[in-house]
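Take a look at the structure set out below.
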Amino acid sequence: MITHVMIAISIFLSVMAFVCLYRAYIGPTPADRVIAINVISTKVTILIVLLAGLTNQDSFVDVSIVYAMMGFITTVAVSKYLEKGKLF
Amino acid sequence: MNIALEIIAILFLLGGAFFFLVGTMGLIRMPDVFCRMHATTKCDTLGAGMILVGLMIFYGFSVITLKLLLILIFIWLTNPTAAHIIAKAEYKKEWLTKKEED
């Protein structure tokens with residue numbers, strides 16, 4: 001029974017990621033786009049963990065850890081660029 | 001896996017999905033950058049945390065549970081930091097443009 005719930009939540013998270021992508025497309029300021037990309041990266045992290053549970057591939061969890069780190073570094077770099085106009 | 005643990009795990013997963021829905025609605029409907037950030041930070045910490053706790057109950061005691069705990073601690077450390085950095089960048093930019101108008 002929990003497998004059906006996990007499949008349903010995977011489809012739900014994919015649809016929600018596309019809705020966030022709409023905000024990243026129309027967002028008036030650049031900060032809106034950074035927020036939307038940050039939320040999408042969290043959603044994809046959770047989606048990879050759910051896929052690891054569904055397909056019994058335990059190595060997907062390591063992929064998820066790396067994806068979480070990549071999303072955080074992306075957000076920090078783009079925010080610093082927005083704040084100062086340069087990275088360092 | 002007995003039926004009680006399965007029901008608890010399903011409740012945690014559905015709660016996490018509910019918080020993701022709330023965060024996405026806030027991201028679409030709110031009028032301002034800071035209001036949108038307020039909604040999406042809830043979605044990140046509570047939604048991701050509840051889904052990961054549900055999956056930890058699903059896996060039981062194993063190495064995968066420790067890795068999921070690592071992801072949970074990492075998300076709980078880094079998402080408020082990222083939100084604070086975005087808010088600081090946007091606030092400083094608005095402040096600078098307002099000072100140039102005066």
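Per-residue answers, yes or no, for (1) farther than 16 Å from A:ALA31 by Cα; (2) in contact with a helix residue (DSSP H, G or I) (Cβ under 8 Å, 6 or more places away or on another chain):
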position: B:PHE12; (1), (2): yes, yes
position: B:GLY23; (1), (2): yes, yes
position: B:ASP32; (1), (2): no, no
position: B:CYS35; (1), (2): no, yes
If a residue has to be more than 18 Å from A:ALA8 (Cα to Cα), touching a residue at least 12 places away in the same chain (Cβ under 8 Å) and within 7 Å of another protein chain (Cβ to nearest Cβ) to count, how many in the stretch B:24-42 make the cut? 4
If we ask which residues in the stretch B:18-33 are surrounded by fewer than 19 Cβ atoms within 10 Å (Cβ to Cβ), in a helix (DSSP H, G or I) and among the hydrophobic types (A, V, I, L, M, F, W, C), their number turns out to be 5
Being surrounded by fewer than 16 Cβ atoms within 10 Å (Cβ to Cβ) and within 11 Å of the chain's Cα centre (by Cα) is the filter here, so list the residues in the stretch B:34-48 that pass it. B:HIS38, B:LYS42
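I'd like to check something: does the stretch B:74-82 contain any residue that is of a type in the set (Phe, Trp, Tyr), within 10 Å of another protein chain (Cβ to nearest Cβ), crowded, with 20+ Cβ neighbours inside 10 Å and within 14 Å of the chain's Cα centre (by Cα)?
Going through the stretch B:74-82, the residues of a type in the set (Phe, Trp, Tyr) turn out to be B:74, B:76.
Okay, now just the ones that are also within 10 Å of another protein chain (Cβ to nearest Cβ), so B:74.
Restricting the remaining residues to those that are crowded, with 20+ Cβ neighbours inside 10 Å gives none.
Checked against the condition, which is being of a type in the set (Phe, Trp, Tyr), within 10 Å of another protein chain (Cβ to nearest Cβ), crowded, with 20+ Cβ neighbours inside 10 Å and within 14 Å of the chain's Cα centre (by Cα), the stretch B:74-82 yields no hits at all.
Inspect the stretch A:50-72 for any residue being at the interface with chain B (Cβ under 9 Å from one of its Cβ atoms), among the hydroxyl-bearing types (Ser, Thr, Tyr), in a helix (DSSP H, G or I) and surrounded by fewer than 17 Cβ atoms within 10 Å (Cβ to Cβ) and give the result as yes or no. Spell out how you get there, then give the answer.
Looking only at the stretch A:50-72, we keep the residues that are at the interface with chain B (Cβ under 9 Å from one of its Cβ atoms), and these are A:50, A:52-53, A:58, A:61-62, A:64-65, A:68-69, A:71-72.
Those left that are additionally among the hydroxyl-bearing types (Ser, Thr, Tyr): A:64.
Narrowing the set further to residues that are in a helix (DSSP H, G or I) leaves A:64.
Those still in the list that are surrounded by fewer than 17 Cβ atoms within 10 Å (Cβ to Cβ) too: none.
No, because not a single residue in the stretch A:50-72 is at the interface with chain B (Cβ under 9 Å from one of its Cβ atoms), among the hydroxyl-bearing types (Ser, Thr, Tyr), in a helix (DSSP H, G or I) and surrounded by fewer than 17 Cβ atoms within 10 Å (Cβ to Cβ).
Can B:VAL53 be described as closer than 15 Å to A:VAL49 by Cα and either more than 10 Å from chain A (Cβ to nearest Cβ) or in contact (Cβ under 8 Å) with a residue 60 or more places away in the chain (or both)?
Working: closer than 15 Å to A:VAL49 by Cα: yes; either more than 10 Å from chain A (Cβ to nearest Cβ) or in contact (Cβ under 8 Å) with a residue 60 or more places away in the chain (or both): yes.
Yes: the conditions hold for B:VAL53.
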Conditions (1) modelled with pLDDT of 90 or more; (2) in contact with a Cys (Cβ under 7 Å, 6 or more places away or on another chain): number failed by B:LEU27: (1)
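The values are calculated or read from the model by the stated rules, or taken from the named source; none is laboratory data. Remember, it's a predicted structure, so these values are computed and weren't measured experimentally. Every residue, glycine as well, gets a Cβ built from its backbone with ideal geometry; the counts of neighbours run over all protein chains shown.
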